[in-house]
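The values are calculated or read from the model by the stated rules, or taken from the named source; none is laboratory data. Note that the structure is predicted; figures quoted are calculated from it, not measured. Here Cβ is always computed from backbone atoms with ideal geometry, including for glycine, and neighbour counts include all displayed protein chains. Surface accessibility is based on the protein's heavy atoms, side chains included, excluding ligands, DNA and RNA. Shrake-Rupley method; radii C 1.70, N 1.55, O 1.52, S 1.80 Å.
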Amino acid sequence: MSAVLSGAVATTVLAGCAEAESMVPLEPVADSSSRTQVQAQTQADRLVLMLQALEDRYTLQPAVPVRTLPDEPQAAPTLLDASADPTEVPEQLSEHLNLDSQPRAFVQAQASYLQSQATSLAVSADTQTWPVAVTVEATDVAVVGSTPDGTPVARVMVATTSHHAEGPSTVTSAGYALSWAPGRNVDASGATVTGPSFDGTRLVSIQPLYGQPDRPALDSGLGPRSPSNAVHTYVRAITHGSSANISSMEGTVRSSDDFRAVLKERLMAGPRYTVVELPAARLGAAHVLYVIQEDVPGALRLDVILGQDGPTVVPRL
């Protein structure tokens, strides 16, 4: 596979790939200094800020465009416009936060997911389900290891509380693996940016954390038990494989030929793509992943269930 891999994430050119280990255990913490712990907390705070802005924009009705950076004056521009489309989210957030390409893909995927959830609620016309407020907070932050190249990895537990006009609040929790590294202070377009969050440290990845508490690991993007590799394999089947290849991955509920043709046309329109998994969207055994294509609007959702006989992929346009 011709790819640029970073843990669970790959910006990929459609091609073949060899089988490998599905999970990569983290190395011992390369730098356990207080400075690394402070950096982990800083990146966790920025993750919470982004997730809060996305909840305000897509979950609340109407959207609440009032999030500003805590170190900026009140007159500073908000992180997201009230009308921001998911495809506009990466550019708008990168004007305020130092994000590498994978986190930019992640926030677009998260925005797409929240938008689809809100659309489903709107269709149900059940106004009692709309939260009147949403709060996001990091409940635990700890440096748990480093990647083979020495990049630090922090575990960040995030609690999202939805407050309703009637009835109890609901809380969902999700764990994230954050990585950061020295990086230029630029936005998505490569323009130099100044501000309190542009301190020469760049958030390089937002992933789910796998493994055991005493042996954390990241999805390698390869191998039979890798959710992201299942997506890569499915994409190759759609674009270059046979109907039988596709059906073997879709399980008992299979897509139509017309659906597959539309999917192939979309994927071929932008063969370079990034796969991201959304920890907060996971439903039981179903991993929720998105394909974010370069220069192709929108996001493609693929749910992956890892079974004894191999992964099952459920596409959702």
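Worth a mention:
- Burial order of peptide ranges 150-160, 24-34 (average beta-carbon count within 10 Å, highest first): 150-160, 24-34
- Of all accessible heavy-atom area on the stretch 163-225, the percent that carbon and sulfur account for (1.4 Å): 53
- Max mean-square fluctuation residue, GNM over the chain, Cα-Cα springs under 10 Å, options A230, A188, A109: A188
- Paramagnetic reach from E88 (point 7 Å along Cα→Cβ, amide N under 18 Å) across the stretch 28-54: 53-54
- Among N229, N245, N98, the largest mean-square fluctuation in a Gaussian network model of the chain, built with springs joining Cα atoms closer than 10 Å, belongs to N245.
- A cut-off of 5 Å between modelled amide H atoms, ignoring neighbours fewer than 5 places along the same chain, links V144 with V153, A154, R155.
- Projecting the alpha carbon convex hull of the stretch 91-192 along each direction and taking the average yields 8.3 nm².
- Computed on protein heavy atoms with a 1.4 Å probe, the accessible areas place V262, V141 in the order V262, V141, largest first.
- In this structure the amide hydrogen of G251, modeled in the peptide plane, comes within under 5 Å of the amide hydrogens of V313, none closer than 5 places in sequence on its chain.
- Mean residue ellipticity at 222 nm, helices only, the chain: -9000 deg cm²/dmol; runs of at least 4 DSSP H residues each add -39,500 (n - 2.57), and the sum is divided by the number of residues.
- At an R0 of 41 angstrom, the distance between the Cβ atoms of H240 and S34 translates into a FRET efficiency of 0.25.
- Vicinal HN-Hα couplings computed from phi for the stretch 255-270 (Karplus, 6.51 cos²θ - 1.76 cosθ + 1.60; Hz; Gly/Pro x): 6, 7, 4, 5, 4, 5, 5, 5, 5, 5, 4, 5, 5, 6, 5, x
- Value of relative contact order over the chain, rounded to a whole percent, pairs C-alpha under 8 Å and six or more apart: 22
- Taken one residue at a time, the phi angles of the stretch 103-120 give Karplus couplings (6.51, -1.76, 1.60, θ = phi - 60°) of x, 5, 5, 4, 5, 5, 5, 4, 4, 4, 5, 5, 5, 5, 5, 5, 4, 4 Hz. Gly and Pro are set to x.
- Note on D295 and E265: the model spin-label points, each 7 Å out from Cα along the C-beta direction, lie 1.9 nm apart.
- Per-residue ³J(HN,Hα) for the stretch 150-167, Karplus 6.51 cos²θ - 1.76 cosθ + 1.60, θ = phi - 60°, Hz, x for Gly and Pro: x, 6, x, 10, 10, 8, 10, 8, 10, 10, 10, 10, 9, 9, 10, 5, 10, x
- Distant-in-sequence amide H partners of L26 (H built 1.01 Å from N, under 5 Å): A217, L218
- Between R215 and S248, the modelled labels are 3.0 nm apart [label points 7 Å from Cα along Cα→Cβ].
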